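Have a look at the structure below, then the notes.
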Ligand SMILES: Cc1cc2nc3c(=O)[nH]c(=O)nc-3n(C[C@H](O)[C@H](O)[C@H](O)COP(=O)(O)OP(=O)(O)OC[C@H]3O[C@@H](n4cnc5c(N)ncnc54)[C@H](O)[C@@H]3O)c2cc1C
Ligand code: SF4
C-alpha cells in the first residue's frame, strides 16, 4: 500500500483508525474504549526511514519503531535526550512494536478513562470527570481544566517538545507541518480532542532541526519503580553556556502536564542569566506559579522543582542541586 492509498482508504470511513504497532490501540479496542469502524494497517508503508535533512537536522519516519529510533547512532550522538526518553518508556518488547506516530497519538493512562463505570469527559464528552474528586496521584498540575486533568503519558514527546520538532502530516487537503509544541491540545472544554490532527490525516514524520549543543542533553524520569512505569515527573533538558552565563536552554517536563510540557517561562527566566542553583529554583518556580494541584498530587511541585534543579545543575556543573 502507498501513502496515497492509505489516505484514500481513510477517507472512505467516518470512524477509521490507522494501525501502527497496535500497542495502545488494540488495548483500547479490547476494553471497548475505542471502537473504530475500520482499521488501516500502515505498518507496510515506506515511513520507517531515519534520514539526514539538508539543513543538518534529522527526519524520523512515523513508522520507525521506538527501538530503532533510540538505537540510531545519529540520535544517540546528537540528540541523546530523545534516545534516553524512549528507553525510559514501556518495555523492550513494546518499544520493538511501537511506532513514532503511535507514540505521539497514544492516549492518557488516567485510570478513570479506562474504567467504563467511571464518568470521563474524554471518553464521553459532557459526562463529567471522576478524577477531579478521585485518586489524583498520577494526574496533571499544569494545563488542566475543569473538564479534564489527565497527564499526557509519553516520554518521547517530552524530548520532542524540548527539541522544537515539527510534525509532518498529510491528508485529503494535502501536506502540512505542525510545530510539535502545538500538536497536542490543552483539554479546555473538549478533552476528547487531543491533537491538531484532522480526521483522516496521517503522520508522515517528525522533523528535528539541527541543535549542535543538544549533544550533551539529558532526559531524566522519576517514577514509582525503575522500569515499566509512567512518569511522576520527567525532565528533558539541554543547555548552552558561555562565560558562566546561560546562552540558551531547552526544558520540557513530563508527568505534570495535560500535554508534553515545554517550560517556556522557565527558559525565559534562564536565558542570559548567570548559572546558579538559586536561579534554577527561581526559574522552575516561575514555570509552576500557575500550577493547580489536587488531593494527591501536590508533591509533584516539589518533585518537579528538585528534578529540574538536579538535571540542569548537572548539565551546568553546579553540583549541590539535589
Ligand atoms: C504496558 C505499557 C507501558 C507503557 N509505558 C510507556 C511509558 O512508560 N512511556 C511511554 O512514552 N509510553 C509508554 N507506553 C505507550 C507506548 O509507547 C505506546 O503504546 C506506543 O508508543 C504506541 O505506538 P503504536 O505504534 O503501538 O501505536 P498504535 O497502538 O498502533 O496506535 C496508537 C494511536 O496512534 C494512531 N496512529 C499510529 N500511527 C499513526 C500515524 N502515522 N498517523 C496518524 N495516527 C497514527 C492510531 O490510529 C492510534 O490512534 C506503554 C504502553 C504499554 C502497553
Ligand atoms: S481526568 Fe480526563 S481522562 Fe481522566 S476521568 Fe477526567 S476527563 Fe477522563
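Only the coordinates and a few stated rules stand behind these numbers; no lab work does. All values reported here derive from a predicted model rather than from experimental measurement. Backbone-built Cβ (ideal geometry, glycine too); neighbour counts: all protein chains shown.
Structure summary
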{"read-out": "Fully extended contour minus Cα-Cα distance, from residue 196 to residue 49, at 0.36 nm per residue", "value": "50.5 nm"}
{"read-out": "Calculated [θ] (222 nm, deg cm²/dmol) that DSSP helices of n ≥ 4 give over the chain, each run adding -39,500 (n - 2.57)", "value": "-8000 deg cm²/dmol"}
{"read-out": "Share antiparallel - DSSP beta bridges, the chain, percent rounded to 5", "value": "90"}
{"read-out": "Proxy reagent accessibility, fewest Cβ within 10 Å first, across 2, 59", "value": "2, 59"}
{"read-out": "Residue order, fewest to most beta carbons within 10 Å, for 206, 241", "value": "241, 206"}
{"read-out": "Rounded, prolate or oblate (a/c below 1.5 giving rounded, otherwise prolate when a/b exceeds b/c) for the chain by Cα gyration tensor", "value": "oblate"}
{"read-out": "Between region 93-109 and region 236-277, the alpha-carbon center distance in angstrom", "value": "27"}
{"read-out": "Candidates 40, 309, 233, ranked by Gaussian network fluctuation over the chain, Cα under 10 Å, top entry", "value": "40"}
{"read-out": "Cα centroid separation, region 1-40 to region 137-186 (Å)", "value": "20"}
{"read-out": "Net length gained if the chain between residue 135 and residue 115 were fully extended (0.36 nm per residue, minus Cα distance)", "value": "5.9 nm"}
{"read-out": "Likely footprinting exposure, 198, 262, fewest C-beta neighbours within 10 Å first", "value": "198, 262"}
{"read-out": "Label-point separation, residue 34 to residue 3 (7 Å along Cα→Cβ), nm", "value": "2.1"}
{"read-out": "Label-point gap, in nm, between residue 271 and residue 12 - each point 7 angstrom along Cα→Cβ", "value": "5.0"}
